[in-house]
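See structure below.
The values are calculated or read from the model by the stated rules, or taken from the named source; none is laboratory data. Bear in mind the structure is a predicted one, so any value in this text is a computation, not a measurement.
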Amino acid sequence: FHLELCRLAGNSMLVESWRHLEGRMRVAILNGAAWQAPMMARDRHAPIVDAIERADVTAALRVVDEHMASAAERFARSPESA
């Protein structure tokens, strides 16, 4: 899902960056267990897919920005404070 979004953006640097981070993100997610589970839920990604399916670029950009900000904030917090 994430790699495809990077590809669809048409930005080779973004694709390369994701490929570099993908393994680390996967390890972080798998090691995060319960405190990160809400971030990986299908409903957190559905608004992105919906906006893309509607070809609503403005909405897609907004929901991706919101998703990324939320993910960054969650990863920055320790599991104890999540």
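A few points about this structure:
- When segment 7-25 is filtered for residues that are basic (Lys, Arg) and under 19 Å from ALA72 (Cα atoms), the ones remaining, listed by number, are ARG19, ARG24.
- Top-ranked residue in segment 31-76 [being modelled with pLDDT of 90 or more and among the basic types (Lys, Arg); ranked as nearest to CYS6 (Cα to Cα)]: ARG62
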